[in-house]
Amino acid sequence: MNRCRLPPGELQEQVVEERGRMADLFQPEYRRTTLLLIIIWLTSAACYYGNSLVTTELLSMNYCAAPGATASTGASESEKCTCSPLSSSDYGQIAITSVAELIFTPIAIVLPGLIGRRNSMTMCQIFVAVPFFLLLTCVGSSWGVTVLLFIARGFAGSISTVGYLYTLEVYPTQSRGVGLSCCCVAGYFGAILTPLFSQVLLRASVHSALVVYGVMSVTGAVASFLLRIETKGRKMQ
C-alpha cells in the first residue's frame, strides 16, 4: 500500500522464559549459595533482634548490672538473676546501644567496597560473636555491658546491610526477587526464634543464652566464609 517492502525474515513469537521459581535457587550453580545465605540471614536476624532484647534483660538483672558482680554458673546463676525496675540511667544506656546502628552504617557502606562482600559479612559476624562471649565474664559494670552490646548491635546491623547487597548481586535477574524473599523468610524465622533465647533461656541461665548467640554468630561467620561467589566487581546477570 505504501510501496515499501517488508524487512527480510519471519515474525516469530517471543519466547518468555520461566522465572521466579523457588526451584531455581537450588539448582547446582546456586544451591550452596542459597543454603549458606539462609544460615547467614537466620543467624544475623536472631542476633540482631536478640541483642535488643538481651540489652533490657541484662540491665534489669543484678547478674551484671550491679557493680562488682561476678559470673556464676549452674543454679546459683539463676538465683542471682533477679529482675529490678529500670532506672533512668538504664534507659539512657539502652538508647546508646540503639545509636550504634547509625554510627556503624558508614562502615557497612565503605567496607564491602574495600574487602569484598564475603569478607565483610565474615568480619561483622565475628565482631558480633566476640562481645557475646566477653559478656560471659560479667564485666562487673552496667556500662561495660553497654559498650559490648553497643559493638554487637552495630555490627549486627551492618550484617543486614551487606547481606541485602550480596543477595541482590549474587542471583541473576530472573531469580533475584525469589532469592531475596527466601532469605527474608529465613531472617523472619530467626526473629521468631530469638525470644526463646533472649528471654526464656536467659532467665533460666544467662551463660547459656549468651553462648547460644555467640555460637550463632560464629556459625554465620563460617557460612559467610564458605560462600564461593564474591560479587565485588562482578557483573550482574
Yeah, the range 84-237 with a ≥ b ≥ c from its alpha-carbon gyration tensor (a/c under 1.5 is rounded, else prolate when a/b outruns b/c, oblate otherwise) is prolate
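Tell me which chymotrypsin sites (Phe, Trp or Tyr not before Pro) from the range 109-192 have a DSSP coil assignment and no more than 11 other beta carbons within 10 Å of their own.
Counting only loop positions with at most 11 other Cβ atoms within 10 Å, none of the chymotrypsin sites (Phe, Trp or Tyr not before Pro) in the range 109-192 qualifies.
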What is the gain in length, in nm to one decimal, between residue 191 and residue 228 on full extension, counting 0.36 nm per residue of separation less the C-alpha to C-alpha distance? 10.7 nm
Charge sum, other residues only, whose C-beta stays under 11 Å from residue 48's C-beta, Lys/Arg counted +1 and Asp/Glu -1: 0
How big is the range 159-237 on each of its three principal axes, counting only the C-alpha atoms and giving the largest first in Å? 49, 22, 16
Can you compute the modelled spin-label distance between residue 98 and residue 11, with each label point 7 Å from Cα toward Cβ, in nm? 6.2 nm
Stretch gain in nm, segment residue 52-residue 136, where the contour uses 0.36 nm per residue and the Cα spacing is subtracted: 28.5 nm
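Give me the net charge for the shell around residue 169: Cβ to Cβ below 10 angstrom, other residues only, Lys and Arg +1, Asp and Glu -1.
+4
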Scoring only Lys, Arg, Asp and Glu (+1, +1, -1, -1) among other residues with Cβ under 12 Å from the Cβ of residue 232 yields +2
Find how much the distance from residue 21 to residue 147 grows on full extension, using 0.36 nm per residue of separation minus their present alpha carbon separation; answer in nm with one decimal. 40.9 nm
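Here, each number is a calculation from the coordinates, and none is a lab measurement. Just so we're clear, the structure is a prediction, and the values are computed from it rather than from any experiment. As a convention, Cβ positions derive from the backbone with ideal geometry for all residues, glycine included, and neighbour counts pool all protein chains shown.
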